2 protein chains.
Amino acid sequence: MKVKELMDTNFLKVYPDYTVEEVSELMYKKKRYSSPVVDEHDKLVGWINAIDLLILNDEDKKKEIKEFMHDIDRVIILNENDEAREAVIKIVKYKVVSIPVVNNEGKVVGIVRNCDITKTLAKLYDIPVYKLFKTLQEQLRGITWEELMEAAAIVTKQTTGEEITPEEYERRIKDATFGKAIWACGGLEKFFAGLIRIGEVALARKVAKKRGM
Amino acid sequence: MKVKELMDTNFLKVYPDYTVEEVSELMYKKKRYSSPVVDEHDKLVGWINAIDLLILNDEDKKKEIKEFMHDIDRVIILNENDEAREAVIKIVKYKVVSIPVVNNEGKVVGIVRNCDITKTLAKLYDIPVYKLFKTLQEQLRGITWEELMEAAAIVTKQTTGEEITPEEYERRIKDATFGKAIWACGGLEKFFAGLIRIGEVALARKVAKKRGM
């Protein structure tokens, strides 16, 4: 995933000759805590944070925004072709709310916002864990859903000591998300290990049943 | 995970009788875009966003903050015992930068910030994919690391048509994170399916080898 797939292209931008008052009004109306300052060709020339303008008095507010903007050298920037991961790293490292995105010509083409990153990252956590069991069943050809749930109940008993029926297990995973499951298991690796173990037990029981017949 | 494990307890708070000027100075100095307004018992009585103060003139700045704060009824709040997931949902839904956290008595005990959520969510994506292959190998007792890499190369050839040596495959997963891997596979379920398939192939080859001996 690239930064350009993550950025918001509907963003506030201001020009260096706007007054502080004008910029403040725009930020307030659009509910933006920061804004890129661009020249007539949309090239990034500076960056404004709402809190920097907070401390200005009425006289300062008549002045041009370029007097108070952060210099381009000190602005955190992303290129639209950067990996989305780069945006996450910068948001966490610099504790910023949003980052301007430029193209190869230095033009501002979007803004990456922390809330959009959160939304994207959270999607993985919200995947129903049920889907992963379905994947496991499809992959282990010949194993029925009931056999998989029986194996899951057996593995639960072996690992946690908890007595659970296959039906109860099914109900439990129907309500669970991937995020909840890895938290309950004590981490991604342990969740994985459990799932693989369930697959193994299901296969072993199948083989034993066939031999017994 | 609970909200209390995610929140920042080192936060700015202001009192209703502080002037706008005082609050603005504090926000600027502490680099905070928002702040809870609390009474003498630390109970939440309102909320202040930096952008709301941006449009105030010098005269307004002498007034008390309580005149300009958001009323408690309209503030997004979390309880310290809420699930961390609740914080993620609210940050995404309301597109806010931070949310005050109260205890059961209504006292403000922390602030959940978007950047802290991003940090927490991003950890899952950064797990080395190598670790998951190690988990798979440990789970499939009797399969060596080399056998697992051989199986991985075979599955890669089968699914993508790409010719890759087991050594190349190993190098590739050594550099990859979980986030990168699920992106490359086209989703979590597909990544899972691939991993299970590799385990199956490794086991099948082991059985075939034994029979051949």
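The values are calculated or read from the model by the stated rules, or taken from the named source; none is laboratory data. The model shown is predicted, which means the values in this text are computed figures rather than measured ones. We place every Cβ from the backbone using ideal geometry, glycine too, and count neighbours over all the protein chains shown. To get the accessible areas, we keep the full protein, side chains included, count just its heavy atoms, and leave off ligands, DNA and RNA. Shrake-Rupley method; radii C 1.70, N 1.55, O 1.52, S 1.80 Å.
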The range A:67-137 - Rg over Rh from alpha carbon coordinates, Kirkwood radius: 1.17
Taking the Cα centre of the protein assembly as shown as origin, work out the dipole magnitude from +1 charges on Lys and Arg Cβ and -1 charges on Asp and Glu Cβ, in debye rounded to 20. 2520
Evaluate peptide A:183-193: per residue, the Cβ atoms of other protein chains within 10 Å of its Cβ; return the mean as an integer. 4
In whole percent, and with a 1.4 Å probe on the protein chains, what portion of the accessible area of the protein assembly as shown is carbon and sulfur? 50
Work out the charge dipole of chain A with +1 on the Cβ of Lys and Arg and -1 on the Cβ of Asp and Glu about the Cα centre, then indicate which of A:L78, A:V92, A:V155 is farthest towards its positive end. A:V155
With only Lys, Arg, Asp and Glu charged, each at its Cβ (+1 for the first two, -1 for the last two), find how big the charge dipole of the range A:3-123 is about the Cα centre; round to the nearest 20 debye. 680
Net charge of neighbours whose Cβ lies under 11 Å from the Cβ of B:R85, counting Lys and Arg as +1 and Asp and Glu as -1: -1
Return the Cα extents of chain A along principal axes one, two and three, sorted largest first, each rounded to a whole Å. 90, 34, 24
Alpha-carbon centroids, the range A:187-203 and the range B:8-44: separation in whole Å: 49
To the nearest 10 degrees, the tilt of helix B:114-125 (Cα long axis) against the first principal axis of the alpha carbons of chain B is 10
Can you give the accessible area of A:C185 in Å² (nearest 10), computed on protein heavy atoms with a 1.4 Å probe? 60
Taking only Cα atoms, what is the 0 to 90° angle, nearest 10, from helix A:166-175's long axis to the longest principal axis of chain A? 10
Taking a point 7 Å out from Cα toward Cβ as the label site, list the nm distances between B:E40 and the same residue in every other copy, smallest first. 6.1
Under 25 Å Cα to Cα from B:K157, which lysines show up? Leave out anything in the same chain fewer than 8 places away. A:K134, B:K131, B:K134, B:K174, B:K180, B:K190, B:K206, B:K209, B:K210
Under a plain spin-label model, where a point goes 7 Å from the Cα along Cα-to-Cβ, how far apart in nm are B:K210 and A:R172? 3.1
Cα-centred dipole magnitude for chain B, charges only on beta-carbon of K, R (+1) and D, E (-1), debye, nearest 20: 1340
Quotient of Cα radius of gyration and Kirkwood radius for the range A:126-212, i.e. Rg/Rh, equals 0.95
Averaging sequence separations of C-alpha pairs under 8 Å and six or more residues apart, then dividing by the length of chain B, give the relative contact order as a whole percent. 18
Accessible area per residue, Å², the protein assembly as shown with all protein chains present, probe 1.4 Å: 51
If you wrap a convex hull around the C-alpha atoms of the range B:1-114 and split its volume per residue, what is the figure in Å³? 91
Could you compute how much accessible area chains A and B hide from each other, both sides summed, with a 1.4 Å probe? Nearest 100 Å² is fine. 5500
